[in-house]
Structure formats: C-alpha cells, structure tokens
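The values are calculated or read from the model by the stated rules, or taken from the named source; none is laboratory data. Owing to the predicted nature of the structure, the values given are computational and were not obtained by experimental measurement. Neighbour counts are summed over all protein chains in view; Cβ atoms, including those assigned to glycine, are modelled from backbone coordinates with ideal geometry. These accessible areas exclude ligands, DNA and RNA; they are computed on the full protein's heavy atoms, side chains included. Shrake-Rupley method; radii C 1.70, N 1.55, O 1.52, S 1.80 Å.
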Amino acid sequence: MNDQDYMARALELARSGMGWTSPNPMVGAVIVKDGRIIGEGWHRRCGGLHAEREALAACREDPAGATIYVTLEPCCHQGRQPPCTQALLDAGIGRVVVGAGDPNPLVAGKGIGLLRQNGVTVDEHVLERECQQLNQVFFHFIRTGLPFVVMKYAMTLDGKIAAYTGASKWITGEIARNHVHRQRHRHSAIMAGVGTVLADDPLLTCRIEDGKNPVRIICDSGLRTPLTSQIVRTAKEVPTILATCTADPQAAKPFQDAGCTVLTLPRQEGHVDLQALMKELGQRQIDSILLEGGGTLNWAALKAGIVHKIQAYIAPKLLGGGDAKSPIEGRGFPSPGEAVILTGGAVTPLGDDLLIEYDVTAAENGTMFFASNEQNGKSGK
C-alpha cells in the first residue's frame with residue numbers, strides 16, 4: 001500500500017462521523033508502522049476526541065517512529081479538546097501525511113509548521129481534492145460563518161415535482177428516498193416554505209435507523225403554519241424554527257408555547273429576507289441546510305444567492321401538464337446568459353432513479369454567486 005491507499009482508508013473512516021461532528025469537520029486518521037496499520041480513528045462527535053487522538057488510543061503497539069495519515073491538518077490550539085499536534089509529538093510520530101490544510105485561522109498552516117519545527121516530517125496534499133470535498137460544508141462555514149445550502153428536489157424526467165392535481169407521492173423510488181433521509185441526517189437543518197406545510201403537512205424528520213433529526217426551519221412570512229400541523233405538534237421533540245416577518249408578539253406566542261423558536265426578520269420582496277436568515281442561522285451554529293422547498297422558495301433562494309449545491313433526484317417518469325409544478329418557479333431569468341451556472345456535475349444511480357449533483361457558481365452577469373457570501377461573511381469559529 002502507498003500514501004494514497006492509506007489516505008483513502010482515512011477518508012473512509014472520516015465518513016463514519018457524518019452527521020455527528022457538525023460544526024466540526026469529519027476527520028479520519030490511520031497510523032502505519034513498518035508497513036502495517038497499527039491504529040485507526042475518526043472524529044466521532046462534536047466535543048469528542050479528534051481523529052488523531054482516537055487513532056493513538058487504538059494503537060496496538062508503540063507508535064514511536066510511525067507515520068500517521070490524517071485527512072485534515074492537525075489542530076494546534078486548545079478547543080474542546082487539547083491540540084493534536086502535541087499528542088503526535090508526545091507519541092513520537094516520525095512522519096505526518098496530510099490530505100487538506102485546515103482553513104480555520106487558529107490552525108491554518110500553524111499545525112504543520114509546529115510539527116516541522118519539532119523535527120517531524122510532514123507531507124501534504126495527498127488526495128487533497130477528495131479531503132476538501134468531504135468537508136465542503138466545514139470549509140464554507142469556517143470561512144464565512146454562513147450555512148452551506150443544498151437545494152434538493154425530486155422530479156420526473158420532464159421536470160415535474162408533482163402532477164397537475166398536486167399529487168407527488170411518490171416521484172422517486174424507495175432507494176432514492178432512503179438516500180434523502182441520509183442527507184437529512186448529514187445536514188444540520190432542513191428548510192421548507194409554509195406552502196409545503198399547508199400542502200403536505202410533512203414531518204421533515206430523518207427516518208433511518210440511528211439517524212439524527214435536522215433542525216426544522218419553516219419560512220413563513222405571515223405565520224400561516226397551522227398550530228395543528230405535524231411540524232408544530234412535534235416542536236418540543238424536534239427543534240423547530242419559524243422564520244417570519246410578523247412582529248406581533250401575540251401572533252408568535254402560540255407557536256412559542258408549542259415549542260417553536262420564532263425569528264422575526266426583515267421583509268424582502270414580499271417574503272423573509274433569506275440573506276438575513278442565513279446570518280441569524282450561522283450565529284446559531286447551523287452550518288448546513290438541506291433546502292426541501294417548493295418552486296416559490298427555491299426561486300427566492302436562488303435569487304438571494306444563498307444556494308451552494310443542487311441535488312436533483314430524477315425519476316424515469318413523464319407526468320406532463322402545463323400547470324404541473326416544477327422545481328423552480330417565480331419569474332425566472334430573462335435569458336440563458338443570465339441563468340445560474342452549475343459546475344462539477346456528478347451522477348449517482350439510485351435504483352431506477354438518478355441523483356445529479358452540481359455546485360452553484362455564478363451567473364454570467366455576476367449578480368448571483370455564492371462566493372459573494374464568502375467575501376462578505378465572518379468566520380464562525
């Protein structure tokens with residue numbers, strides 16, 4: 001096995017923490033001595049041991065002189081856990097192989113520098129792209145203090161998310177739907193509009209074994225969410241935020257009594273100011289959002305420039321219908337040259353369905369791109 005093989009194993013371990021480490025990154029570590037793996041570990045939960053210390057604790061023999069492969073630069077500052085660089089030095093590790101540098105200004109380059117100053121050989125950029133992609137959410141959040149937003153929708157091959165009657169169960173098959181629940185487990189929050197609540201009365205929870213429910217965020221500028229809805233009735237069990245433009249304390253009180261958090265935000269073009277909402281959620285340490293809105297909210301989110309990734313689940317079905325709903329509605333852009341540009345496409349078969357994923361980059365006119373958020377945001381760490 002070579003450096004790439006051991007780093008691939010570290011990446012595999014890192015993914016085991018998916019959904020539990022937020023707002024910390026997913027990190028995996030593998031310790032190798034004389035061509036043998038003698039210890040492995042990963043960051044299991046936010047607040048728990050970091051991957052390097054997990055791997056050291058799992059060592060079957062003395063790690064002195066060994067090589068450790070770690071997907072993210074070892075930390076060198078005191079947080080909830082002590083610095084991993086010191087643990088590596090105390091253990092006598094001889095070589096450290098790093099996948100990606102840590103963008104956290106408390107760490108960036110300093111962990112590697114400290115190791116080198118103490119005579120440890122450090123090699124960088126091994127499977128760097130894969131290591132960065134794994135922590136796309138963390139890299140964005142640490143640089144901006146704003147949530148990473150993934151717009152998710154399921155549609156037929158002719159672009160319909162429901163029939164002309166409004167019926168939408170089920171567009172995709174069971175395998176694709178299970179994948180969606182894994183995404184709900186992975187992200188800190190799930191966001192939908194009041195229109196979805198009124199039409200479908202969803203729970204918006206994660207329904208996989210040992211899964212984690214995301215914080216539920218309902219964009220409801222006029223506080224029209226029914227008090228009898230599943231969202232409100234389960235708000236004491238699953239954290240629930242209603243984002244509204246209604247400033248009347250008496251209107252908010254029944255929802256607060258039911259367990260909801262009510263955020264009053266500015267109005268933007270007739271609805272909740274989504275950029276203001278993102279800033280508020282970032283301050284609450286919500287680092288990622290799975291946007292499961294209807295066409296109206298999806299258009300508003302794109303227009304506000306808060307969307308960073310698209311996940312489109314495509315079913316091999318044709319619904320037709322001029323009045324049937326599409327994933328993104330609103331007025332739309334006036335020409336293809338002004339459309340939102342997507343890059344980095346990936347296709348994953350899920351039974352008979354396909355998942356197509358793209359990153360959102362920029363419109364050609366430069367008015368919408370997620371990099372603008374990064375330039376204007378603040379660090380969340």
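Brief remarks on what is shown
- Partner aspartates and glutamates for Lys325 [C-alpha distance under 12 Å; skip if fewer than 8 residues away on the same chain]: Asp158
- Protection proxy ranking of 47-57, 159-169, 174-184, by the mean of other Cβ atoms within 10 Å over each peptide's residues and highest first, is 47-57, 174-184, 159-169.
- Taking all protein chains into account, the per residue accessible area for the chain stands at 45 Å² (1.4 Å probe).
- Taking Cα centre as origin and charging only the Cβ of basic (Lys, Arg, +1) and acidic (Asp, Glu, -1) residues, the dipole magnitude of the stretch 207-280 rounds to 100 debye.
- The apolar share of the surface of the stretch 35-180, taken as the fraction of accessible area on carbon and sulfur atoms (1.4 Å probe, ligands and nucleic acids excluded), comes to 49 percent.
- Estimated distance in nm for a label pair at Glu269 and Arg129, the labels positioned 7 Å out from Cα along Cα-to-Cβ: 3.4 nm
- Cα→Cβ-extended label distance, 7 Å offset, between Ala247 and Arg182, nm: 4.6 nm
- On full extension, the segment bounded by Asp5 and Leu89 gains 27.8 nm, given 0.36 nm per residue less the C-alpha separation.
- Taking packing as the residue-averaged number of other Cβ atoms within 10 angstrom, the listed peptides 228-241, 115-128 run from highest to lowest as 228-241, 115-128.
- Percent accessible area from carbon and sulfur atoms, the stretch 192-335, protein chains only, probe 1.4 Å: 49 percent
- Helical segments meeting 15 Å axial Cα length and Kyte-Doolittle -1.0 threshold in the chain (DSSP H): 3-14
- Distance between modelled label sites at Thr228 and Trp20, nm, 7 Å Cα→Cβ extension: 4.1 nm
- Rel. contact order, % - alpha carbon contacts under 8 angstrom, at least six apart, the chain: 16 percent
- Computed E for Gln283/Asp62 - FRET, C-beta separation, R0 56 angstrom, nearest 0.05: 0.80
- Heavy-atom accessible area ranking, 1.4 Å probe, most first, across Met26, Met1: Met1, Met26
- Among the listed pairs Lys212/Lys279; Lys253/Lys303; Lys152/Lys317; Lys152/Lys303; Lys169/Lys303, a Cα-Cα separation exceeding 21 Å is found for Lys212/Lys279; Lys253/Lys303; Lys169/Lys303.
- Listed by chain and number, the aspartates and glutamates placed with their C-alpha closer than 18 angstrom to that of Lys33 are Asp3, Asp5, Glu52, Glu54, Glu61, Asp62, Asp90, Asp123; residues fewer than eight positions away on the same chain are left out.
- Along the stretch 21-30 the Karplus relation, 6.51 cos²θ - 1.76 cosθ + 1.60 evaluated at θ = phi - 60°, assigns HN-Hα couplings of 8, 3, x, 7, x, 8, 9, x, 9, 10 Hz to successive residues, with x for each Gly and Pro.
- Extension gain (nm, one decimal) between Arg207 and Ala163, 0.36 nm per residue minus Cα-Cα: 13.3 nm
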